Structure formats: structure tokens, C-alpha cells
Amino acid sequence: MFPLVNGCPILIDDDASVFTRSDFVERRRTTGQVQQVVSRPGIRDRAKQLVRALTPSTSYAVSDFSFQAALASIAALRPQQRLRILVLGAGDSQLSTQAAHDFVYTDVDLGPLTHVVCDAHQVPFRDASFDLVVCISVLEHVADPYRCAAEIHRLLRSNGYVYAVTPFMQQVHMGRYDFTRFTHLGHRRLFRWFEEHASGVANGPGMVLSWSLERFLSGFARGRAWHARLRTLARFVAFPFKYFDPILARRPSAYDSASAFYFFGRKADTPLSDRELVGGYRGINA
């Protein structure tokens, strides 16, 4: 039997996943941050909240083909159809509030949007169940991304689509649950069982430099407390470089130096060959 936690089914196979059902039943930390509820925050807590609110982010999305664009392009092809969309990695913000389609959010965290807790290597839905599978900043955090890509292929209907964003040049995030990075061609090969409709730079070289400076400066700390403080200070130095990305991300060199790439494609019956793959190189380091 699979347990329910706050009404959310925990569909984890204890023998096949790095997680166990008891992790969620006993509320042990998985990939997310431990949330501490403070009923009456003191001055120190309020100061921390203020600092977090004022600290600039070093991340910046510059994709010329967003998830919303992918959804709109599919909806245009099927104007009378209610799409069924699977989101792998529900995260902490909703991708779409469109009531015209049915969203199923899965994750390995009990987040506010999670409908089902499951492992992306073994998704508990029948073959050909969805019109679109979305995985944004997820496949770097799975042990075997190729197996997950095969699961996505299995879950999609014959004319189903995948939309994915995956890092190329980013420092470790989510600690022990961070495994893999992909070049643009590497990302394309991951989805070789799909016909490409669009792919490109999701986060540019400026973001790479911003993250690198942040981690370089915070790297001088020895303990976690000072590391967190230096990361906060470093972001004020590092964040401006990301604003060069609207220019840099449109140049061929970005395919050799981007922070992340996106892929949007339709389920295919035959895979892309490696000979065809290398012909799709778009950078300038040939």
C-alpha cells in the first residue's frame, strides 16, 4: 500500500529510488529546504527576511521559446482539445493557471503544488497518458536522465510533446541531488527519440559569469554560515553581468557558453542518429 500525506499519494518504489516512502511519511528532508515556521518573528528574523528580499538574483531567463509558447503552439494545433499536461518537478511556482487544460504536478518534495510524489525514473501513469510533459531544471537532478527521457517518451501520446530546460554551465545546486550537465548537442541527444521543433539558449553566458563570481567570492568561507553570508554579499557584485544575456544569448558563441538550454519536440517513432546529431552544431568552436 502507498501512503497518503496531507492527501498527496506517495508513489515511490522503495527498491528502485534514492528516496523511500518513509522519507515523506516522517517528513525527512528530501531535495527541498527545511521550512521553519516562526509564529512571531523577532527582529533578527525580520532582518533576515529583509536582506533576502533586497538581495538580487543572479539568475536570468532569456529563452526565445518559453513554456507558454510551447503550450500555445500545441493548443493552436488542437483548438477544441483539452490538453493533459504532466509537470515533472512541481517546484514552488505554478507554470500556468490556464483552466482550459489539465495539469498534473509531480515532485519528490511535498510542495504546495504537488499532486503526486513520485520518482521521474518511474512515473506511475499509464503509457500514452499525456499530450505534453514539462521538465524545467529537473534532469540535472536525476541519477539517470536517459531513463527519465525514455519515461517521458512512454508517457506521451503518439503526437505528444516534451518541453525541457536543463543546465550546461552551472555550479552545483540542490547539493547531493545534482548529477549532470548537457551541452546543446548533448541535450539534443538526450531527446533523440523526439522530432525537434525548437531548441536554444534558455540562460546565457552572462548568467554563467554571475554564478561563477558568486561562487568564487563565497568560496573563501570555510563554514556554512559564512558561506551563506558571503554568497549574499557576492550577489550584489555578480548580478549585473546577467543583463548582458539578451544580447549574448542571440549570438552563435552562446551555444558554447550558455548556462542552460531548452528543447521542445514531438514524440517520434525512430531516433535521431549521431551522424545527424553532430550536423546540428550551432556554435563557433568547430
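The values are calculated or read from the model by the stated rules, or taken from the named source; none is laboratory data. Since we're looking at a predicted model, the values are computed, not measured. We place every Cβ from the backbone using ideal geometry, glycine too, and count neighbours over all the protein chains shown. Remember, those area values only see protein heavy atoms, side chains included, never the ligands or the DNA or RNA. Shrake-Rupley method; radii C 1.70, N 1.55, O 1.52, S 1.80 Å.
So, in the range 154-174, exactly how many residues are open to solvent by 40 Å² or more (accessible area, probe 1.4 Å) and more than 22 Å from Ala61 (Cα to Cα)?
4
Looking at Ala164 and the list (1) in a loop (DSSP other than H, G, I, E, B); (2) of a type in the set (A, V, I, L, M, F, W, C); (3) within 13 Å of the chain's Cα centre (by Cα), which single condition is not satisfied?
The number of the failed condition is (1).
What's the number of the only condition in (1) open to solvent by 70 Å² or more (accessible area, probe 1.4 Å); (2) among the small types (Gly, Ala, Ser); (3) modelled with pLDDT of 95 or more that Ala99 fails to meet?
Among (1) open to solvent by 70 Å² or more (accessible area, probe 1.4 Å); (2) among the small types (Gly, Ala, Ser); (3) modelled with pLDDT of 95 or more, Ala99 violates only (3).
Taking the stated definitions as given, is Pro240 in contact (Cβ under 8 Å) with a residue 60 or more places away in the chain and open to solvent by 30 Å² or more (accessible area, probe 1.4 Å)?
no
Could you list, in sequence order, all residues of the range 154-175 that are farther than 19 Å from Ser73 by Cα and at pLDDT 95 or above?
Listed by number, the residues that qualify are Arg154, Leu155, Thr166, Pro167, Phe168, Met169, Gln170, Gln171, Val172.
Return the pair list, or none, for Cβ contacts closer than 6 Å from residues in the range 106-117 that are more than 17 Å from Leu132 (Cβ to Cβ) to residues that are among the basic types (Lys, Arg), at least 6 apart or on different chains.
Within 6 Å, no pair qualifies.
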